[in-house]
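Asks: Just passing along the structure, written as structure tokens.
The values are calculated or read from the model by the stated rules, or taken from the named source; none is laboratory data. Quick caveat, the model's predicted, so the values are computed rather than measured. Cβ placement follows ideal geometry from the backbone for every residue including glycine, while neighbour counts extend to all protein chains displayed. Please note that ligands, DNA and RNA were not included when accessible areas were found on the heavy atoms of the full protein model with its side chains. Shrake-Rupley method; radii C 1.70, N 1.55, O 1.52, S 1.80 Å.
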Amino acid sequence: MYKTTTDLLTASIQLKEAAHHVTNREQHAAWWDSKTEVYIEIYNALESGAFTGEAHDELKQAQYIISEAEMYAASYALNTEEPGPVRLPLETWENIFRNLSEMEEEDYYDGVVDWVEVTWLDSSDEWVLNYGEELFEDGFKSEEEAMKRLDTLERHFAQYVK
């Protein structure tokens, strides 16, 4: 089916391009069948030991490209749902509130200590929880959602809240 190592390299590049368009299980299965065909040809060529120099390099490059393509093709399965925002564990939040509380007690910044706040980020169209330039949590769709999260955290760690 493939006459040269360059044909196999070209086929692997086409597989990688096609991998970017896989969006469901059926497409992934069809892509996988095509990938397997090409991969077996590459594997057999490498195992034969008949290829050296540039031809061997093309086969190794084709093998690598297929590995990359597999990640793209499989990513639909890993992201079947829109990934939700990551929330920090409570232990991390306790450290944040404790550190901010200690900064306030030490009269840090001449007695002016900012606190965790809710901010709108134009660049990503979302609300975030931050302290100055340090972003802690993002992905809030509304200010109300972000404020509710902050209120819950402040109530949970009331001993640290000024």
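Asks: Say we look at the range 93-138 and pick out the residues that are among the polar types (S, T, N, Q) and at pLDDT 90 or above; which of these is most open to solvent (accessible area, probe 1.4 Å)?
Replies: Looking at the filtered set, the residue picked out is Thr119.
Asks: Residue by residue through the range 20-46, note down the ones that are modelled with pLDDT of 90 or more and open to solvent by less than 80 Å² (accessible area, probe 1.4 Å).
Replies: Scanning the range 20-46 gives Ala30, Trp31, Ser34, Lys35, Thr36, Val38, Tyr39, Glu41, Ile42, Ala45, Leu46.
Asks: When the range 133-160 is examined, which residues are found to be part of a loop (DSSP other than H, G, I, E, B) and under 12 Å from Val116 (Cβ atoms)?
Replies: Scanning the range 133-160 gives a single hit, Phe157.
Asks: For Lys60, are the conditions met, namely being without any contact (Cβ under 8 Å) to a residue 60 or more places away in the chain, assigned to a helix (DSSP H, G or I) and under 25 Å from the mean Cα position of the chain (by Cα)?
Replies: no
Asks: While we're here: Quick one: what pairs do we get from the range 147-158, first residue open to solvent by less than 60 Å² (accessible area, probe 1.4 Å), second assigned to a helix (DSSP H, G or I), C-beta under 6 Å, 6+ apart or different chains?
Replies: That search, which allows pairs on different chains as well, returns Leu153/Trp93; Phe157/Glu94; Phe157/Phe97.
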